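One structure is given below, encoded as structure tokens.
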């Protein structure tokens, strides 16, 4: 029997919050280990994390934290953020295609649509992302040569600052090693049902000690994921002379397996450690990615399906009409893609002193995405009325969009961490961050200029056939001082107080150009905050040596901003919609975690309430009675309440069961009216009503798994697992009023299976995702005259992983 006690149990938590992954257990080595025990000792290592800015075992941290290590990531074939988020019951995001960024919901905190969307300005996330010590706007970097992924639920504003409303995810990369040469190579081949090609994912890592004080670590990975969705240029009713030409090839009207995804990533890190107390690490990371197409299928437009039958129109919704072709064909005249590049350079400095340690990190990054998407539906609404030569029905023209999004940042943090063994421990630090953001978006309508001769295009400021354009930019800077102090009132009882005080400034530059001129103009804003502060209070009590109880009050903060709204007819936009304030969260949480029955059963349970103030949500302004401008406003305060339970049962030395569940209830906590204009007869006001559901996450989520893990007498290790995830019915949008309906996606379950062998330096694993080949809808794109696009689960995918470590 494996010995279980409090400290070694730390690794168990990593499996609970992340869908029943095989656990990592600590085991004291003895001098007389047989081959089986040697193998098991490799599997059962104590997991140490740095989420609290100091090294500590997961079990000793009195908050909801989980970690999943490198071996488990590989065994479960978790290679990117989307796959990682799928594993958590507390974090929800639509399982969109790789081309899209996702609106991420944590513990029910969400007020944005959770459909697929081409544009970054519509994406809202209550989860913050870190790559080592650097906060990033997106977490696109693939999970390769990653030592572990740490997840902290609840706001972590005192240590992690702005953006950490619902939680924080941290990728911790492997660092150079002075002690030994290392080489590892991994490759995976897989086949997705309906796809005509084999996908591959290959990476390698090398660690070179160059001297006793210098080491170099380099890694590279390449993904070539084949598609399984065909793209038809024309909807089924456009044939013969009415058929559109294709893009990019005019003569090609069907593109097979159009939803492909390629990514190449690389990392180089050099460590200089002249003595045991000083270390300097320079790191360069970059990734190039091309995400193509959409994992969707186009349905019939309601109007064409009903064909004038008014009774049908009253009972049919865009989401439940038949597919135009089949469940694996999307209609898009124009090529759709996102071409992304990410670069990060960082310099980390660590110095150990007698009383405290100093850690300093400076990084610069650039994250850019350019792409194109079909826009036939909205293009027909905004331009089709001008003349038959532009409308969908009267011409061979249709609209498309392009986007160019850029984020550049500089981040520096220096912190001092006490290293004594006394009753008092502390962390203090200084932070500076600066981010330049530029979001560009254009609508293109072929033949537009030839049909709007009654407009002066030079005055409108547009380019040829560019009907509408946004150029939304900002430069945001923040300076903060933060700290946490923990005092041990007794051997069992600890109390922690934390605070973050910060100043910020946001220079916003928004420019809009449209072909009618109603919305055209440039808006400049400067937003400042001085002496802002957030706090944390935490206490924990060891009920016995195996079980801990804790209580937390923590706060989170997210920056505000400005919209590019304009006057109309002398009516001035209100401050409510011209600017949006920062939103904050107060999190109240009580939990207990520990092991029972001689360590065979681990339980972590908590209840929470999160009060969300000035919740940022989307807002539309209609200009000229016709054209909408989209932005962000502060809705009412809201509240989420929930329960999380995570368990792991070790039936035998080789067999374990995991179960994790979460339920949440999220709604507007007050009634609030927001108005577009001040001093006008029609202020274009909108009322959010108390009790409206926030949407974006299921009422109930369940993860469950069974794992077999052992070693044979000849030293061959065998593991197998079956894991399932249940997603309850999920509203795709918020509900603001009684009787207001939103599309609710049906509940579904999905199962994955894995079986693998390990022997000395070699490993092989066979895996199957979506074992039952479930076709449940997980997201979608709104559609009018071209039909709704349903995004379903990826079909059954079977893969083989091969690894070699030296």
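Entry remark, region 669-682: residues being in contact (Cβ under 8 Å) with a residue 24 or more places away in the chain, surrounded by fewer than 19 Cβ atoms within 10 Å (Cβ to Cβ) and assigned to a loop (DSSP other than H, G, I, E, B) number 5 in total. No other residue among 715, 724, 705, 728 is farther than 27 Å from residue 576 by Cα and in contact with a helix residue (DSSP H, G or I) (Cβ under 6 Å, 6 or more places away or on another chain) apart from 715.
Can you name the residue in region 92-101 that is over 18 Å from residue 263 (Cα atoms) and touching a helix residue (DSSP H, G or I) at 6+ places or on another chain (Cβ under 9 Å) and is also surrounded by the fewest Cβ atoms within 10 Å (Cβ to Cβ) among such residues?
Ranking the qualifying residues of region 92-101, first place goes to 95.
When 503, 538 are checked against the criterion of being surrounded by fewer than 16 Cβ atoms within 10 Å (Cβ to Cβ), under 28 Å from residue 160 (Cα atoms) and touching a strand residue (DSSP E or B) at 6+ places or on another chain (Cβ under 7 Å), a single residue qualifies: 503. Taking the criterion of being within 21 Å of residue 769 (Cβ to Cβ) and assigned to a strand (DSSP E or B), the residues of region 172-217 that qualify are 186, 187, 188, 189, 190, 191, 192, 199, 200, 201, 202, 203. Scanning region 552-585 for residues that are under 30 Å from residue 110 (Cβ atoms) and without any contact (Cβ under 8 Å) to a residue 40 or more places away in the chain turns up 553, 575. Taken as a whole, the structure places residue 89 among residues that are assigned to a loop (DSSP other than H, G, I, E, B), crowded, with 24+ Cβ neighbours inside 10 Å and in contact (Cβ under 8 Å) with a residue 40 or more places away in the chain. Listed by first and then second residue, the pairs linking a residue in region 159-186 that is crowded, with 17+ Cβ neighbours inside 10 Å to a residue that is at pLDDT below 90 and part of a loop (DSSP other than H, G, I, E, B), with Cβ atoms under 6 Å apart and 6 or more places separating them unless they lie on different chains, are 159/53; 162/559; 164/156; 165/126; 166/126; 168/156.
Taken over region 760-803, the residue count meeting the criterion of being exposed (fewer than 15 other Cβ atoms within 10 Å of the Cβ), in a strand (DSSP E or B) and in contact (Cβ under 8 Å) with a residue 40 or more places away in the chain is 3. For region 565-668, no strands (runs of 3 or more DSSP E) sit wholly inside it while including 2 or more residues that are at positive phi and in contact with a strand residue (DSSP E or B) (Cβ under 9 Å, 6 or more places away or on another chain). Against the definition (crowded, with 16+ Cβ neighbours inside 10 Å, out of contact with any strand residue (DSSP E or B) (no Cβ under 6 Å at 6 or more places or on another chain) and either under 30 Å from residue 378 (Cβ atoms) or modelled with pLDDT of 95 or more (or both)), how does residue 469 come out, yes or no? No; evaluated as a whole, the condition is false for this residue.
Matching residues to (1) loosely packed, with under 13 Cβ neighbours inside 10 Å; (2) touching a strand residue (DSSP E or B) at 6+ places or on another chain (Cβ under 8 Å); (3) at pLDDT below 90:
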| position | (1), (2), (3) |
| --- | --- |
| 246 | no, yes, no |
| 268 | no, yes, no |
| 285 | no, yes, no |
| 289 | no, yes, no |
| 309 | yes, no, yes |
| 316 | no, no, yes |
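If you go through region 200-242 and keep only what is surrounded by 14 or more Cβ atoms within 10 Å (Cβ to Cβ) and free of Cβ contacts under 8 Å to residues at least 40 places away in the same chain, you end up with 200, 202, 204, 206, 207, 208, 209, 224, 226, 238. Here residue 326 meets the list (1) free of Cβ contacts under 8 Å to residues at least 60 places away in the same chain; (2) crowded, with 16+ Cβ neighbours inside 10 Å; (3) part of a loop (DSSP other than H, G, I, E, B) almost entirely, failing just condition (2).
Residues of region 377-389 include at least one that is crowded, with 20+ Cβ neighbours inside 10 Å, without any contact (Cβ under 8 Å) to a residue 40 or more places away in the chain and in a loop (DSSP other than H, G, I, E, B). Looking only at residues of region 506-535 that are more than 18 Å from residue 572 (Cβ to Cβ) and in contact with a helix residue (DSSP H, G or I) (Cβ under 9 Å, 6 or more places away or on another chain), we find that the one that is surrounded by the most Cβ atoms within 10 Å (Cβ to Cβ) is 515.
Comparison of 697, 721 shows that the only residue that is surrounded by 17 or more Cβ atoms within 10 Å (Cβ to Cβ), within 27 Å of the chain's Cα centre (by Cα), in contact (Cβ under 8 Å) with a residue 40 or more places away in the chain and in a strand (DSSP E or B) is 721. I'm checking my understanding of the structure. Among residues of region 141-171 that are within 21 Å of residue 77 (Cβ to Cβ) and part of a loop (DSSP other than H, G, I, E, B), which one is farthest from the chain's Cα centre (by Cα)? Within region 141-171, the match that is farthest from the chain's Cα centre (by Cα) is 145.
Has region 442-449 got at least one residue that is in contact with a strand residue (DSSP E or B) (Cβ under 6 Å, 6 or more places away or on another chain), surrounded by fewer than 19 Cβ atoms within 10 Å (Cβ to Cβ) and at negative phi?
no
If the condition is being more than 26 Å from the chain's Cα centre (by Cα) and buried (at least 20 other Cβ atoms within 10 Å of the Cβ), then region 330-351 contributes 331, 332, 333, 334.
The values are calculated or read from the model by the stated rules, or taken from the named source; none is laboratory data. Keep in mind the model is a prediction, meaning the values are calculated, not measured. Neighbour counts run over all protein chains shown; Cβ positions are idealised from the backbone, glycine included.
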